[in-house]
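I have placed the structure first, in the form of structure tokens, so that the comments after it can refer back to it.
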Amino acid sequence: MAFSCRQCGTCCMYLGDYIVIEEQTGPFSFACESVSTGTPFTAEIDEDKREIFRDHSFPDTHPHACRFLRPDGDLLRCTIHRDSPAQCKFYRCVAMRISDSSGKSLGYVTGALALHSDNTELRSLWEKIIEQERPRSDSEAEPWISRILTENGFTTG
Ligand code: SF4
Ligand code: SF4
């Protein structure tokens, strides 16, 4: 399914140690590092988010959150959407939602293809078949997983 980020900000709440500001290089410009990949990057605050970025009360009270995250109404928004590192841009908290034949939600699969579910039958299928036999390439694995789930009576979307 096409992933649509709701900008809830949940995935950025504990990334303060991973997206690090090394130096402020201008009023809204920063030299940064993406620690998990050791990649330096430069970021400029998006023009339409400079007003919310100026307010530091959120990062001051959420020391583990990414320094670029700010509340905006009901949303938590990335203020460097244009310049954020690739792993942020391509991150998908949900790649596939799984339900039973009546439409009851049973769990979901993350963009890294990890199952989040407490359903025993689903977990068993995942551990015994999907984890063992799935194609190693993620692009092939996703449709393959969906097919196996469907063949076993689950609905994916
Ligand atoms: S990727 Fe998911 S967790 Fe992260 S902001 Fe978007 S909807 Fe929220
Ligand atoms: S750079 Fe943006 S998307 Fe990446 S962790 Fe920070 S707030 Fe989230």
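The values are calculated or read from the model by the stated rules, or taken from the named source; none is laboratory data. Since we're looking at a predicted model, the values are computed, not measured. Reconstructed Cβ throughout: ideal geometry from the backbone, glycine too, with neighbour counts over all protein chains shown.
Of the residues THR37, THR42, the single one that is surrounded by fewer than 16 Cβ atoms within 10 Å (Cβ to Cβ), closer than 20 Å to ARG92 by Cα and β-branched (Val, Ile, Thr) is THR37.
Report yes if GLU44 is touching a strand residue (DSSP E or B) at 6+ places or on another chain (Cβ under 7 Å) and free of Cβ contacts under 8 Å to residues at least 24 places away in the same chain, otherwise no. Spelling it out, it is not the case that GLU44 is touching a strand residue (DSSP E or B) at 6+ places or on another chain (Cβ under 7 Å) and free of Cβ contacts under 8 Å to residues at least 24 places away in the same chain. The sole residue among LEU69, LEU75, LEU115 that is away from ligand 2 (no atom under 16 Å from the Cβ) and of a type outside the set (Ser, Thr, Tyr) is LEU115. Selection of region 1-25 for residues being assigned to a loop (DSSP other than H, G, I, E, B), over 16 Å from ALA86 (Cα atoms) and of a type outside the set (Phe, Trp, Tyr) yields MET1, ALA2, SER4, ARG6, GLN7, CYS8, GLY9, MET13, GLY16, ASP17. Is one or more of the residues making up region 45-58 acidic (Asp, Glu), within 16 Å of ligand 1 (Cβ to nearest atom) and either in a strand (DSSP E or B) or at pLDDT 90 or above (or both)? Looking through region 45-58, at least one residue is acidic (Asp, Glu), within 16 Å of ligand 1 (Cβ to nearest atom) and either in a strand (DSSP E or B) or at pLDDT 90 or above (or both). Residue count for region 6-34 under the criterion of being closer than 13 Å to LEU69 by Cβ, surrounded by fewer than 16 Cβ atoms within 10 Å (Cβ to Cβ) and within 16 Å of ligand 1 (Cβ to nearest atom): the result is 5.
Among residues of region 100-114 that are on the phi > 0 side of the Ramachandran plot, those with a Cβ under 6 angstrom from a residue that is assigned to a strand (DSSP E or B) and among the small types (Gly, Ala, Ser), sequence gap 6+ or separate chain, pair up as GLY107/SER117.
Is one or more of the residues making up region 140-157 in contact (Cβ under 8 Å) with a residue 60 or more places away in the chain and surrounded by fewer than 12 Cβ atoms within 10 Å (Cβ to Cβ)? Yes, the conditions are met somewhere in region 140-157.
In region 81-101, the qualifying residues are those that are touching a strand residue (DSSP E or B) at 6+ places or on another chain (Cβ under 6 Å) and of a type in the set (A, V, I, L, M), and the one that is nearest to ligand 1 (Cβ to nearest atom) is VAL94. Taking region 64-157 and the helices (runs of 4 or more DSSP H) fully enclosed by it, the elements with 2 or more residues that are within 19 Å of VAL20 (Cα to Cα) are at 86-89.
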